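Worksheet for the structure shown next.
The values are calculated or read from the model by the stated rules, or taken from the named source; none is laboratory data. Just so it is clear, the structure is predicted and the values come from calculations on it, not from any experiment. Cβ coordinates were reconstructed from backbone atoms using ideal geometry, including for glycine residues, and neighbour counts include every protein chain displayed. When the accessible area is computed, the model is the full protein with side chains, heavy atoms only, and any ligands, DNA or RNA have been set aside. Shrake-Rupley method; radii C 1.70, N 1.55, O 1.52, S 1.80 Å.
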Amino acid sequence: MTKYIITKGLGNSKYDLNAFDNALVSSGIADFNLVKLSSILPANCHRAECIDLPKGAFLHTAYARYIETRPKQTISAAIAIAIPRDKSLSGVIMEMSGICSADIADETVCEMVEIAMETRGIKLYNIVKESVSMETKDGFNCVIAAVAIW
């Protein structure tokens, strides 16, 4: 695995799984079979503009999602990657979601990757992040933030 994208999406529907699917469509990763990962970005991985795999392919993904049915709630999902400047080292991905603002979600995942890099003794790194937020309405509401790796 040498490529990754970082993405986000949101969806709403009468059913929870359709709300999740709509969020996946919004994020651009709906037409793949997602394989959930723990939170490590492989060494020598670089950011791509789009996923160059056939539809239906397995796509390794770290993601945070949140589904809420109560209207007028602010829900958010965020994901951050700490990418070491030394490309021979692996990076760390952290994700979170819940009832909060996108700013709170961003701050949280950034602090989480900083702690993870400190634990690993890696001092030189860059952080890439994405977040999404929505005010819920009737039905099922879903937010997702993801890193897909292939």
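Annotations
- Residue check, Asp103 free of Cβ contacts under 8 Å to residues at least 40 places away in the same chain, outside any strand (DSSP E or B), open to solvent by 60 Å² or more (accessible area, probe 1.4 Å) and over 24 Å from Ile127 (Cβ atoms): no
- Some residue of the range 46-68 being in contact with a helix residue (DSSP H, G or I) (Cβ under 8 Å, 6 or more places away or on another chain), closer than 19 Å to Val132 by Cα, modelled with pLDDT of 95 or more and part of a loop (DSSP other than H, G, I, E, B): no
- Residue in the range 47-54 that is farther than 15 Å from Ile6 by Cβ, touching a strand residue (DSSP E or B) at 6+ places or on another chain (Cβ under 6 Å) and open to solvent by less than 50 Å² (accessible area, probe 1.4 Å) present: no
- Members of the range 69-100 found to be acidic (Asp, Glu) and assigned to a loop (DSSP other than H, G, I, E, B), listed by number: Asp86
- Test: residue in the range 62-73 that is at positive phi, out of contact with any Pro (no Cβ under 9 Å at 6 or more places or on another chain) and of a type in the set (Lys, Arg): yes
- Thr2 passes every criterion in (1) farther than 17 Å from Val132 by Cβ; (2) modelled with pLDDT of 95 or more; (3) of a type in the set (Val, Ile, Thr) apart from (2).
- Of the residues making up the range 110-150, those that are in contact with a Pro (Cβ under 8 Å, 6 or more places away or on another chain), open to solvent by less than 60 Å² (accessible area, probe 1.4 Å), in contact (Cβ under 8 Å) with a residue 60 or more places away in the chain and not polar (S, T, N, Q) number 1.
- Criterion: hydrophobic (A, V, I, L, M, F, W, C) and more than 30 Å from Asp16 (Cα to Cα) - qualifying residue of Ala105, Ala78, Ala116, Ala146: Ala116
- Across the range 1-41, the qualifying residues are those that are in a loop (DSSP other than H, G, I, E, B) and over 16 Å from the mean Cα position of the chain (by Cα), and the one among them that is surrounded by the most Cβ atoms within 10 Å (Cβ to Cβ) is Asp31.
- Of all the criteria given as (1) open to solvent by 50 Å² or more (accessible area, probe 1.4 Å); (2) of a type in the set (Gly, Ala, Ser); (3) in contact with a strand residue (DSSP E or B) (Cβ under 9 Å, 6 or more places away or on another chain), the one not satisfied by Ser88 is (3).
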